[in-house]
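*Asks:* Please find one structure pasted underneath; my questions will follow.
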Amino acid sequence: MINSGADGMRKEDAAAEIERLKKEINRHNYLYYVLAQPEISDYEFDKRLERLVALEKEFPELISPDSPSQRVGGQITKEFPTVRHPERMLSLSNTYSLEEVGDFYKRVLNLLPEHYESRPAFVAELKFDGVAVSLVYRDGLLVRGATRGDGSQGDDITANIKTLRSVPLRLGSFSGEQLFQAGSGEIEVRGEVFMRKDDFAALNEIRSEDEQFANPRNATAGTLKLQDSAEVARRKLFFVAYYMKGEAVEEPSHYKRLTLLKKLGFYTDGNFRLCYNLKDMHGFISQWGEKRWKLPYEIDGVVLKLDDIVLWKELGATSKSPRWAIAYKYPAQRAKTVVKKVVFQVGRLGTITPVAQLEPVKLAGTTVSRSTLHNLDEIVRLDVRLNDAVLIEKSGEIIPKIISVVMEERPVSAVPIVVPEACPSCGTSLERPVNEVNCYCPNEEGCPAQVRARLEHFASRNAMDISGLGRAIVEQLVSSGLVGDAGDLYSLTQDKLTNLERQAEKSAAKLLKAIEESKKQGYDRVLFALGIRHVGFATARELAAAYPSLDKLREASVEELSEVPDIGPVIAESIHEFFNKPSATAVVEKLREAGVRFAAETPKVPVNLNFKGLKVIFTGGLERYTRDEAAGLVLERGGKVVSSVSKNTDLVVAGKESGSKLEKARELGVTVISENEFEEMLHEQ
Ligand code: IVH
């Protein structure tokens with residue numbers, strides 16, 4: 001009997017296609033994550049992955065542990081078991097001084113065995129600012145990923161690690177290199193998991209005010225400990241390898257092991273260099289001291305390691321760190337400036353945040369003119385006054401922070417900051433719960449600043465994405481009394497809008513259209529848009545998955561809500577409280593009446609076929625769509641997205657800073673359109 005699946009495919013054919021897809025996907029992974037030279041669009045990549053998942057679903061017996069389908073996540077880990085590392089994970093001794101780097105160099109030379117005559121080589125590497133992780137491969141297959149923990153034992157986070165596309169599930173599977181397979185025993189690869197600066201910024205954008213990560217390292221650590229691996233998969237973490245050890249690994253040069261790691265499919269970033277003397281080391285340190293701001297990720301220093309691994313054993317380690325390596329850390333970037341003014345902002349949850357306006361000053365590659373003071377306690381702690389000279393620092397190299405006041409320079413004109421007793425927006429007396437560093441405006445419904453902030457959140461890109469509902473118009477809508485909550489947006493009319501000052505008919509019509517369009521946003525976005533305290537985008541998605549309709553969610557008890565992955569009692573309490581407020585009930589009812597989506601279902605938007613048969617290429621950055629979104633829109637409308645320009649290409653959509661593809665298109669006479677024209681084409685009837 002022929003063994004065939006639902007669509008009539010024979011198992012042998014499926015097996016062959018699965019093998020082919022696995023190879024292809026692995027190769028594209030390598031091109032994208034290791035070499036940073038992708039050949040196909042994300043969309044095309046996802047299509048292949050989807051096909052693989054579908055085939056494996058039909059023939060589950062063909063799923064192998066190193067299949068790229070294993071990366072999409074979905075496994076929920078309630079508790080991460082503790083595991084012992086094959087070898088203790090030491091940390092490095094740190095220094096901020098070049099002189100101490102010299103001492104390290106001399107110390108190593110003195111410790112070399114007598115038979116060692118030549119000058120030893122060192123490897124200089126970047127010190128990635130992330131989370132150290134140990135990966136164990138058995139006979140070439142990834143069997144475990146663990147955090148450093150206390151050095152001897154860490155947490156088993158294998159399910160989460162597997163979602164990282166820069167971690168090969170089988171050694172060499174990306175590059176096709178058949179090394180360290182059956183019989184190679186255990187090989188340990190260590191490295192750093194990190195988040196790129198742009199991915200970090202995008203992640204914070206979709207998190208609620210009180211869920212903000214301070215820097216990419218914290219975001220990475222938080223992500224690695226998530227219970228839901230599907231969410232880890234979405235967060236785009238990278239792994240960079242800097243160490244490899246195993247019985248079968250004989251290579252005695254660390255430098256060559258790094259090259260070997262790259263061959264095996266690991267990302268090693270490529271910025272490591274051999275140094276033969278102190279001058280080389282200083283050169284590397286000073287070069288990256290300048291260049292580091294341009295990197296897409298954060299480094300906090302440089303690591304110097306003796307190249308000869310045979311010597312590592314001879315030199316040994318102190319109780320904490322090896323003698324054959326040292327980390328030079330760049331001093332935190334600081335600048336001195338003056339506090340001109342402090343304003344008190346009112347957030348959408350009523351929290352009052354003092355923000356210092358500063359004399360603009362250059363720091364770590366950008367000009368800084370504002371710095372948050374976080375909360376009222378911080379003003380007292382720093383004893384900061386208006387006109388004070390202050391030192392600012394970029395914590396995590398991203399958000400500027402006031403470190404201290406330069407007391408010696410306090411001018412006679414320094415004026416203490418007066419903390420308001422009443423809300424700067426509505427005048428209601430502020431409240432400060434005991435043991436809390438924040439104070440709040442309790443006038444939840446009547447405070448214009450809170451109403452405005454809630455509306456801005458509701459309309460923001462990752463929520464209902466109502467373009468055209470910017471700060472100025474929100475201000476007008478609220479002050480005119482037209483809009484008191486998000487539900488009122490849906491009863492706006494052309495007349496009401498054009499009666500407002502400075503509202504032209506055309507922009508009013510555009511805004512109304514955007515509001516109308518927002519009704520098609522998915523239920524998870526709606527949940528996020530409601531602005532429930534502690535409920536960021538990821539939490540909203542978890543909630544939407546666990547409770548496929550708002551009515552079900554509303555009925556859930558605190559205990560039931562706490563059962564949802566990554567939702568603790570505090571969030572559960574907050575959700576429950578939200579739905580018990582009369583104001584929330586009112587908004588929810590208005591939104592329901594308007595036809596906003598309150599249940600999970602795939603939106604069936606009727607679309608035109610404006611791109612039918614067209615081969616389209618995107619080049620450069622689009623402002624309003626991600627590449628995936630844009631590709632999806634073309635596909636829905638009957639077109640195809642291709643990756644390289646040829647005579648057969650029908651259309652090139654050129655975004656910002658498009659390069660060689662645009663030139664080639666012009667050479668070949670292919671039609672080139674802008675993002676605006678693309679957008680028009682999407683909607684043309
Ligand atoms: S080598 C025994 N190389 O820095 C030495 N570490 O304080 C093993 N790190 O825990 C570490 N970049 O998390 C090494 N290129 C690099 C690194 C690096 C970042 C981190 C790692 C380690 C810490 C040392």
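The values are calculated or read from the model by the stated rules, or taken from the named source; none is laboratory data. Just so it is clear, the model here is predicted, and its values are computed rather than measured. No Cβ is skipped: glycine too gets one built from the backbone with ideal geometry, and neighbour counts run over all protein chains shown.
*Asks:* Looking only at segment 115-131, filter to residues that are surrounded by fewer than 17 Cβ atoms within 10 Å (Cβ to Cβ) and among the charged types (D, E, K, R); which one of those is modelled with the lowest pLDDT?
*Replies:* In this case the residue turns out to be Glu117.
*Asks:* Criterion first (of a type in the set (A, V, I, L, M, F, W, C) and under 33 Å from the mean Cα position of the chain (by Cα)) does Ala545 satisfy it?
*Replies:* So Ala545 passes the test.
*Asks:* Oh, and also: List pairs: first residue in segment 464-491 and on the phi > 0 side of the Ramachandran plot, second residue not hydroxyl-bearing (Ser, Thr, Tyr) anywhere in the structure, Cβ distance under 6 angstrom, at least six positions apart or on different chains.
*Replies:* Short answer, once both residue conditions are applied: Gly468/Lys510; Gly468/Leu511; Gly468/Ala514.
*Asks:* Checking the conditions here, which among Phe579, Phe598, Phe537, Phe618 is aromatic (Phe, Trp, Tyr) and under 30 Å from Glu677 (Cα atoms)?
*Replies:* Sole residue among the options that is aromatic (Phe, Trp, Tyr) and under 30 Å from Glu677 (Cα atoms): Phe618.
*Asks:* Sort through Arg461, Arg452 and tell me the only one that's surrounded by 14 or more Cβ atoms within 10 Å (Cβ to Cβ) and within 25 Å of Phe537 (Cα to Cα).
*Replies:* Only one candidate qualifies: Arg452.
*Asks:* Can you tell me which residue in segment 243-267 is farthest from His28 (Cα to Cα), limited to those that are small (Gly, Ala, Ser) and assigned to a loop (DSSP other than H, G, I, E, B)?
*Replies:* Restricting to residues being small (Gly, Ala, Ser) and assigned to a loop (DSSP other than H, G, I, E, B), the top hit is Ala248.
*Asks:* Given the residues Arg71, Arg27, Arg48, which is the only one that is in contact with a Ser or Thr (Cβ under 7 Å, 6 or more places away or on another chain), surrounded by 15 or more Cβ atoms within 10 Å (Cβ to Cβ), at negative phi and of a type outside the set (Phe, Trp, Tyr)?
*Replies:* Arg71
Residue-wise test of (1) β-branched (Val, Ile, Thr); (2) modelled with pLDDT of 95 or more.
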site	(1), (2)
Pro296	no, no
Lys305	no, yes
Glu314	no, no
Pro322	no, yes
Ala327	no, yes
Lys340	no, yes
Thr353	yes, no
Ala356	no, yes
Gly365	no, no
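Residue by residue, here is whether (1) hydrophobic (A, V, I, L, M, F, W, C); (2) modelled with pLDDT under 95; (3) under 23 Å from Asp300 (Cβ atoms) holds:
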{"position": "Leu52", "(1), (2), (3)": "yes, yes, no"}
{"position": "Phe59", "(1), (2), (3)": "yes, yes, no"}
{"position": "Pro113", "(1), (2), (3)": "no, yes, no"}
{"position": "Thr147", "(1), (2), (3)": "no, no, yes"}
{"position": "Ser152", "(1), (2), (3)": "no, yes, no"}
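*Asks:* If a residue has to be assigned to a helix (DSSP H, G or I) and touching a residue at least 24 places away in the same chain (Cβ under 8 Å) to count, how many in segment 24-63 make the cut?
*Replies:* 21
*Asks:* Tell me, which helices (runs of 4 or more DSSP H) lie completely within segment 465-580 with 2 or more residues that are crowded, with 19+ Cβ neighbours inside 10 Å?
*Replies:* Answer list for segment 465-580: 471-479, 505-517, 523-529, 537-546, 550-555, 569-579.
*Asks:* Please work out which residue is surrounded by the most Cβ atoms within 10 Å (Cβ to Cβ), limiting yourself to segment 646-682 and to residues that are under 20 Å from Gly632 (Cα atoms) and aliphatic (A, V, I, L, M).
*Replies:* Among those residues, the one meeting the criterion is Val653.
Here is a yes/no grid of residues against (1) more than 33 Å from the chain's Cα centre (by Cα); (2) touching a residue at least 60 places away in the same chain (Cβ under 8 Å):
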site	(1), (2)
Gly316	yes, no
Lys320	no, yes
Val346	no, yes
Thr367	no, no
Leu376	no, yes
Asn387	yes, no
Val390	no, no
Glu393	no, yes
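*Asks:* Right, here's the next one. Touching a residue at least 40 places away in the same chain (Cβ under 8 Å) and among the small types (Gly, Ala, Ser) - does that describe any residue in segment 430-448?
*Replies:* Scanning segment 430-448, I find no residue that is touching a residue at least 40 places away in the same chain (Cβ under 8 Å) and among the small types (Gly, Ala, Ser), so the answer is no.
*Asks:* Can you pull out the residues in segment 308-326 that are more than 13 Å from the ligand (Cβ to nearest atom) and either in contact with a Cys (Cβ under 6 Å, 6 or more places away or on another chain) or within 19 Å of Leu274 (Cα to Cα) (or both)?
*Replies:* Of everything in segment 308-326, those that are more than 13 Å from the ligand (Cβ to nearest atom) and either in contact with a Cys (Cβ under 6 Å, 6 or more places away or on another chain) or within 19 Å of Leu274 (Cα to Cα) (or both) turn out to be Asp308, Val310, Leu311.
*Asks:* Is there a residue in segment 249-261 that is within 14 Å of the chain's Cα centre (by Cα) and away from the ligand (no atom under 16 Å from the Cβ)?
*Replies:* Checking segment 249-261: not a single residue is within 14 Å of the chain's Cα centre (by Cα) and away from the ligand (no atom under 16 Å from the Cβ).
*Asks:* Say whether the condition of being outside any helix (DSSP H, G or I) and modelled with pLDDT of 95 or more is met by at least one residue in segment 584-592.
*Replies:* Among the residues of segment 584-592, not one is outside any helix (DSSP H, G or I) and modelled with pLDDT of 95 or more, which makes the answer no.
*Asks:* Give the residue that is surrounded by the fewest Cβ atoms within 10 Å (Cβ to Cβ), with candidates limited to residues of segment 173-195 that are under 13 Å from Gly140 (Cα atoms), hydrophobic (A, V, I, L, M, F, W, C) and within 27 Å of the chain's Cα centre (by Cα).
*Replies:* Of everything passing the filter in segment 173-195, Val189 is surrounded by the fewest Cβ atoms within 10 Å (Cβ to Cβ).
*Asks:* Could you please find all residues in segment 83-95 being surrounded by 13 or more Cβ atoms within 10 Å (Cβ to Cβ) and away from the ligand (no atom under 12 Å from the Cβ)?
*Replies:* Result: Val83, Pro86.
*Asks:* Also, I was wondering about something else. Does any residue of segment 630-639 turn out to be touching a Lys or Arg at 6+ places or on another chain (Cβ under 6 Å) and closer than 28 Å to Asp465 by Cβ?
*Replies:* yes
*Asks:* Which of the residues that make up segment 83-114 are under 30 Å from Tyr137 (Cβ atoms) and of a type in the set (D, E, K, R)?
*Replies:* Correct list: Arg84, Glu87, Arg88.
*Asks:* Can you confirm whether segment 196-217 contains a residue that is part of a helix (DSSP H, G or I), within 16 Å of the ligand (Cβ to nearest atom) and buried (at least 19 other Cβ atoms within 10 Å of the Cβ)?
*Replies:* Yes, some residue in segment 196-217 is part of a helix (DSSP H, G or I), within 16 Å of the ligand (Cβ to nearest atom) and buried (at least 19 other Cβ atoms within 10 Å of the Cβ).
*Asks:* Would you pick out the residues in segment 608-655 that are part of a loop (DSSP other than H, G, I, E, B), within 17 Å of Phe45 (Cα to Cα) and aliphatic (A, V, I, L, M)?
*Replies:* The one that is part of a loop (DSSP other than H, G, I, E, B), within 17 Å of Phe45 (Cα to Cα) and aliphatic (A, V, I, L, M): Val642.
*Asks:* To continue, here is another question. Of all residues in segment 132-152, which are surrounded by fewer than 22 Cβ atoms within 10 Å (Cβ to Cβ), within 15 Å of the ligand (Cβ to nearest atom) and within 24 Å of Asp228 (Cβ to Cβ)?
*Replies:* Matches in segment 132-152: Ala132, Arg148, Gly149.
*Asks:* What do you reckon, is Ala356 out of contact with any Gly (no Cβ under 8 Å at 6 or more places or on another chain) and either β-branched (Val, Ile, Thr) or under 23 Å from Asn387 (Cα atoms) (or both)?
*Replies:* Yes; evaluated as a whole, the condition is true for this residue.
*Asks:* Report, ordered by the first and then the second residue, all pairs with beta carbons closer than 6 Å, sequence separation of six or more or different chains, a first member in segment 194-209 that is at pLDDT 90 or above, and a second member that is among the basic types (Lys, Arg).
*Replies:* Short answer, once both residue conditions are applied: Asp199/Lys236.
Okay, residues lined up against (1) within 19 Å of His254 (Cβ to Cβ); (2) within 16 Å of the ligand (Cβ to nearest atom); (3) part of a loop (DSSP other than H, G, I, E, B):
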site	(1), (2), (3)
Lys279	no, no, no
Pro296	no, yes, yes
Asp300	no, yes, no
Val338	no, no, no
Leu349	no, no, yes
Glu359	no, no, no
